[in-house]
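Reading through the structure tokens given below for one structure.
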Amino acid sequence: MIVVPLGKDYELQDCPIARALELVGERWTILVIRDCFLGVRRFNDFLAHLDIPRAVLTNRLDRLVIEGMLKRREYCPGRNEYLLTKRGLSLWPILHSLAEWGDQEAAPRAGRRRLFAHVECGTDLDAAGACPACGIVPDAGDVEIRPGPGAELALRDDQVTRALLRPHRILEPLEITPARSTRSGHVRSFRRSAQATEQRLPSM
Ligand SMILES: [Zn+2]
């Protein structure tokens with residue numbers, strides 16, 4: 001069987017959505033950007049949270065740097081972290097809308113994994129990313145993320161997932177404690193989650 005690799009662009013699609021997808025539409029890219037908003041900055045933390053091959057992660061990070069959406073910063077000799085640039089930060093409304101859409105159209109039965117609130121007043125953002133109390137659309141850095149009712153049923157048990165169980169301001173680096181999980185840890189977590197789901201959800 002001959003496998004023809006898919007191209008990365010939409011050469012004959014003269015359309016802004018196609019052009020946007022050429023920048024962020026490759027598999028994993030939008031999840032790398034999501035993690036940057038959540039406060040992930042270092043290669044091994046992306047790796048632990050995303051379970052993708054190192055080469056793929058390297059490719060996605062390099063591409064985002066080349067396209068000016070991430071910048072590298074050396075945090076100790078020979079080691080870099082990745083930060084969103086102004087161009088990358090401009091993706092926040094899209095990320096929030098995508099999360100809202102996912103919750104409405106593909107919501108887990110256990111409820112929302114993550115909730116977003118305006119830091120200034122603590123009010124939950126509406127579906128458009130605005131604060132109903134203040135009448136403004138806060139920048140990503142003025143938004144707090146906290147676990148929703150579905151968070152504790154997460155299938156994962158890596159250091160980033162655990163750090164995300166604490167409310168924190170978006171873009172601030174996560175307080176990540178050293179990894180303790182193994183593949184079997186993930187499986188245990190999954191089983192625990194499945195049992196919890198059975199206990200909590202009404203029968204259909
Ligand atoms: Zn507010």
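Just a few scattered comments:
- Rounded to the nearest 20 debye, dipole of segment 6-48 from Cβ charges on Lys, Arg, Asp, Glu: 260
- Once both labels are positioned 7 Å from their Cα atoms along Cα-to-Cβ, the gap between Thr123 and Leu165 label points is 3.2 nm.
- Calculated FRET value between Val3 and Ala106, using beta carbons and R₀ = 35 Å, to 0.05: 0.75
- Electrostatic bookkeeping for Glu67 treats Lys and Arg as +1 and Asp and Glu as -1; over the other residues with beta carbon under 15 Å from its beta carbon, the sum is +4.
- Each of Tyr10, Tyr82 has some number of other Cβ atoms within 10 Å of its Cβ, and from fewest to most they run Tyr10, Tyr82.
- Three-way shape call for segment 52-184 based on the alpha-carbon gyration tensor, with the a/c threshold at 1.5: oblate
- Footprinting exposure proxy for Asp51, Asp103 (fewest neighbouring C-beta atoms within 10 Å first): Asp51, Asp103
- Cα→Cβ-extended label distance, 7 Å offset, between Leu98 and Ala55, nm: 2.5
- Positive dipole terminus of segment 22-136, leading residue within Trp28, Ala110, Ala99 (C-beta point charges): Trp28
- Nonlocal amide H pairs with Thr85, under 5 Å, H built at 1.01 Å: Leu70, Lys71
- Extension gain, Asn80-Asp139: 0.36 nm per intervening residue step, less the Cα-Cα distance, totals 18.7 nm.
Every number here is computed from the coordinates shown, using simple stated rules; none is lab data. Please read all numbers here as calculations on a predicted model, not as lab measurements. A quick note on method: Cβ atoms are made from the backbone with ideal geometry, for glycine too, and the neighbour counts reach across all protein chains shown.
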